[in-house]
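The values are calculated or read from the model by the stated rules, or taken from the named source; none is laboratory data. Since we're looking at a predicted model, the values are computed, not measured. Glycine also receives a Cβ, built like all others from the backbone with ideal geometry; neighbour counts cover every protein chain displayed.
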Ligand SMILES: O=C(O)c1ccccc1N[C@@H]1O[C@H](COP(=O)(O)O)[C@@H](O)[C@H]1O
């Protein structure tokens, strides 16, 4: 999110998390976001910075400016890097781009240093592709870490997700399929989902 009016209308729907993308190559880059508006969001909404191979200083800067509750890491961030962030008291969501040859064994290195995994579709742009991956691949995930399901999720996927019987499925990440344009969420479409919770 990055537009003030849009941030406020979506906040009224009471999502659990709200994401701000700080990957300069993204069409959703939130570098000009109104920091005061973000800081004043209700504490029930976890303010989440989304980064791709950013350095610690950059993450710390946005963490302070926006008072971030969580970071979502979409690059090749190492377990040691995740640990440094976690030791600073911020929630760490480590994203992995899933593809047919993804080595699920590599997740084991992150068990002690993240709060959540996020499984997204593997693409060169690191995220926001609007593409769905083959969720059957997640049968190879033998970890106990709760995860966000992500990657091109639209209304039609939500029906299927409601039937997934996996106690580790913690959250569903809604991004490009719920936008009017990059970075601007479609309030009317999201309201259809959130109205059951209001
Ligand atoms: O959305 C982006 O532009 C983006 C760029 C770089 C890293 C992550 C990005 N977004 C995240 O990507 C996933 C999936 O999004 P989509 O549903 O496929 O559009 C989601 O977690 C976004 O936060």
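What the table shows:
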item	result
Those residues of the range 134-161 which are touching a strand residue (DSSP E or B) at 6+ places or on another chain (Cβ under 9 Å), over 16 Å from residue 111 (Cβ atoms) and not in a loop (DSSP other than H, G, I, E, B), in sequence order	135, 137, 138, 148, 149, 157, 158, 161
Enumeration of residues in the range 154-198 that are buried (at least 16 other Cβ atoms within 10 Å of the Cβ), over 27 Å from residue 33 (Cα atoms) and in contact (Cβ under 8 Å) with a residue 40 or more places away in the chain	170
Tally of residues being crowded, with 20+ Cβ neighbours inside 10 Å, within 15 Å of the chain's Cα centre (by Cα) and farther than 15 Å from residue 92 by Cα across the range 24-70	2
Single condition residue 27 does not satisfy, out of (1) in contact (Cβ under 8 Å) with a residue 60 or more places away in the chain; (2) in contact with a strand residue (DSSP E or B) (Cβ under 8 Å, 6 or more places away or on another chain)	(2)
Residue that is within 14 Å of the ligand (Cβ to nearest atom), under 24 Å from residue 14 (Cβ atoms) and in a strand (DSSP E or B), where the choices are 118, 190	118
Condition broken by residue 141, with the remaining ones in (1) loosely packed, with under 15 Cβ neighbours inside 10 Å; (2) under 30 Å from residue 86 (Cα atoms); (3) away from the ligand (no atom under 14 Å from the Cβ) satisfied	(1)
Some residue of the range 134-147 being in contact (Cβ under 8 Å) with a residue 40 or more places away in the chain and within 26 Å of residue 24 (Cα to Cα)	no
Test: residue 171 is within 12 Å of the ligand (Cβ to nearest atom), more than 16 Å from the chain's Cα centre (by Cα), at pLDDT 95 or above and not in a helix (DSSP H, G or I)	no
